[in-house]
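The values are calculated or read from the model by the stated rules, or taken from the named source; none is laboratory data. Here the structure is a predicted model, which means the values were calculated and not measured. Counting neighbours? That spans all protein chains shown, and the Cβs are built from the backbone with ideal geometry, glycine included. Accessible surface is based on the protein model in full, side chains and every heavy atom, while ligands, DNA and RNA are left aside. Shrake-Rupley method; radii C 1.70, N 1.55, O 1.52, S 1.80 Å.
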Amino acid sequence: MSADLSPPLAALLELTHRCPLQCPYCSNPLELERAKGELSTAEWLRVMDEMADLGILQVHFSGGEPAVRRDLADLVAHAHKIGLYSNLITSGVTLDQPRIAQLKEAGLDHVQLSIQDVDHQTAAFIANYPGVQGKKLAFARMVKEAGLPLTINAVLNRHNITRVERMIDLAVALGAGRVEMAHAQYYGWAIKNRAALMPTLPQVHEATRHVEAARERLRGQIVIDYVLPDYYARQPKACMGGWGRQFLNITPSGEVLPCHAAQTIPGMMFDSVRHKPLAEIWTSSPAFERFRGTDWMPDLCRTCDQKEVDWGGCRCQALAVVGDAAATDPACALSPKHAVLRALADDAASQPAPDFVYRRMTPQDKKTALAATTS
Ligand code: FES
């Protein structure tokens with residue numbers, strides 16, 4: 001590893017793309033991985049050993065819905081054994097009390113539960129899953145009864161944004177130590193549903209005021225994270241903490257990505273843990289090297305005093321909006337395409353919301369998902 005390259009802090013393992021929910025802002029790719037392509041238990045165990053050897057400290061078990069993997073407790077137990085801090089990112093609808101107890105026993109450190117809303121009807125509409133909210137509330141209570149720390153997260157969009165303060169209050173009532181309110185990030189399924197999700201700028205301002213008031217009111221009770229929408233921002237965010245600087249994602253079939261949407265960038269090849277050691281992929285794979293550091297930046301970014309703060313923003317957003325992954329992130333007010341981003345947002349938000357394109361597997365995949373059993 002070169003002297004100025006540190007090991008990643010954390011890895012997000014997408015154990016599966018199977019999921020009982022169909023949220024229209026899912027960050028998974030439009031082409032979902034089938035169950036038969038997923039890494040086996042033995043492969044994930046080896047990958048976690050390689051993660052620990054590389055110096056990674058945290059593992060996030062994600063998906064899809066990671067709990068549809070029957071080997072989840074074995075994976076958690078292995079993470080615990082080799083000293084990785086483990087976080088389960090879950091929809092909460094498939095886990096019952098015995099399985100939560102099993103995960104706690106295996107050494108799970110933390111649970112992150114997504115909610116769609118406080119309103120039961122809208123939550124069911126967003127997830128395309130009747131009764132989803134009741135299941136999530138029951139799950140959150142079981143997590144707390146098991147003595148596990150809990151974070152609640154919600155993706156803000158035009159259908160739930162007016163209830164941001166009530167979602168924060170719900171997180172407090174459920175005993176969460178942290179709540180993350182993040183506006184939808186427009187990649188994957190969310191960009192397909194941009195018009196159906198985009199709030200107006202006044203709605204965003206109002207939500208921001210509510211979050212600030214809640215932070216004041218709930219100081220010392222809960223930590224509130226708030227992620228502003230890029231489409232109304234003037235400065236780009238340091239996406240993933242900078243490309244290839246702090247995090248990596250591993251897809252269900254073992255491809256190692258610098259971010260969850262990297263596969264949308266044409267011409268990029270991603271190495272797989274099936275064929276190469278993780279350390280080699282992190283330190284020298286062309287995909288990680290492509291946008292690492294500042295040398296790749298266009299002049300506008302390379303000469304900017306924020307270049308080692310935002311690390312050039314988001315490559316996938318530059319691709320999605322400007323058509324060039326190496327362009328200045330249009331969320332930056334200095335980008336010549338900044339006005340395009342804002343016009344896209346204003347245009348989408350000013351129209352009546354179209355129907356959602358729900359995150360769906362093909363019929364063949366769906367049958368496999370419902371079987372919900374794998375190694
Ligand atoms: Fe890929 Fe931001 S999501 S760089």
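Quick notes on this one:
- Looking across segment 286-307 at every residue that is within 23 Å of the chain's Cα centre (by Cα) and either over 22 Å from ASP4 (Cβ atoms) or small (Gly, Ala, Ser) (or both), the one that is nearest to the ligand (Cβ to nearest atom) is identified as ALA287.
- Sole residue being within 20 Å of HIS260 (Cβ to Cβ) and either surrounded by 21 or more Cβ atoms within 10 Å (Cβ to Cβ) or not aliphatic (A, V, I, L, M) (or both), chosen from VAL357, VAL321: VAL321
- Any hit, segment 206-218, residues being at pLDDT 95 or above and within 30 Å of ASP4 (Cβ to Cβ): no
- Taking every residue in segment 313-339 that is touching a residue at least 24 places away in the same chain (Cβ under 8 Å) and pairing it with any residue that is β-branched (Val, Ile, Thr) and near the ligand (Cβ under 9 Å from one of its atoms), at least 6 positions away or on another chain, the pairs with Cβ-Cβ distances below 8 Å are ARG315/ILE265; CYS316/THR264; CYS316/ILE265; LEU319/THR264; LEU319/ILE265; ALA320/THR264; ALA325/ILE265.
- Residue within segment 181-191 that is closer than 21 Å to ALA331 by Cα, within 12 Å of the ligand (Cβ to nearest atom), open to solvent by 60 Å² or more (accessible area, probe 1.4 Å) and touching a residue at least 40 places away in the same chain (Cβ under 8 Å) present: no
- Contacts under 7 angstrom Cβ, first residue in segment 92-103 being of a type in the set (Val, Ile, Thr), partner open to solvent by 20 Å² or more (accessible area, probe 1.4 Å) and assigned to a helix (DSSP H, G or I), 6 or more apart: VAL93/LYS135; ILE100/MET142
- Candidates VAL47, VAL59 - the one that is aliphatic (A, V, I, L, M), part of a helix (DSSP H, G or I) and within 22 Å of VAL76 (Cα to Cα): VAL47
- Residues that are within 24 Å of ASN28 (Cα to Cα), open to solvent by 10 Å² or more (accessible area, probe 1.4 Å) and in a loop (DSSP other than H, G, I, E, B) within segment 64-87 comprise GLY64, ARG70, listed in sequence order.
- Residue within segment 352-365 that is hydrophobic (A, V, I, L, M, F, W, C) and in a helix (DSSP H, G or I) present: no
- Of the residues ALA349, ALA325, the single one that is touching a helix residue (DSSP H, G or I) at 6+ places or on another chain (Cβ under 7 Å), aliphatic (A, V, I, L, M) and either within 17 Å of ARG194 (Cα to Cα) or assigned to a loop (DSSP other than H, G, I, E, B) (or both) is ALA325.
- Condition met for THR251 (of a type in the set (Val, Ile, Thr) and open to solvent by 20 Å² or more (accessible area, probe 1.4 Å)): no
- The set of residues from segment 134-157 being touching a helix residue (DSSP H, G or I) at 6+ places or on another chain (Cβ under 8 Å), under 17 Å from HIS120 (Cβ atoms) and surrounded by fewer than 19 Cβ atoms within 10 Å (Cβ to Cβ) comprises just one member, GLY134.
- Residue match in segment 111-121 (condition: open to solvent by 10 Å² or more (accessible area, probe 1.4 Å), at pLDDT 95 or above, of a type in the set (A, V, I, L, M, F, W, C) and part of a helix (DSSP H, G or I)): no
- Residue within segment 225-243 that is under 20 Å from the mean Cα position of the chain (by Cα), away from the ligand (no atom under 12 Å from the Cβ) and surrounded by fewer than 15 Cβ atoms within 10 Å (Cβ to Cβ) present: yes
- Residue among VAL273, VAL309 that alone is open to solvent by less than 50 Å² (accessible area, probe 1.4 Å), aliphatic (A, V, I, L, M) and at pLDDT 95 or above: VAL273
- Scanning segment 253-262 for any residue that is within 12 Å of the ligand (Cβ to nearest atom) and either farther than 22 Å from HIS60 by Cβ or β-branched (Val, Ile, Thr) (or both) turns up nothing.
- All conditions in (1) within 28 Å of SER284 (Cα to Cα); (2) touching a residue at least 40 places away in the same chain (Cβ under 8 Å); (3) among the aliphatic types (A, V, I, L, M) hold for ALA79, with the sole exception of (2).
- Looking only at segment 328-341, and only at residues there that are assigned to a helix (DSSP H, G or I) and aliphatic (A, V, I, L, M), the one that is surrounded by the fewest Cβ atoms within 10 Å (Cβ to Cβ): ALA339
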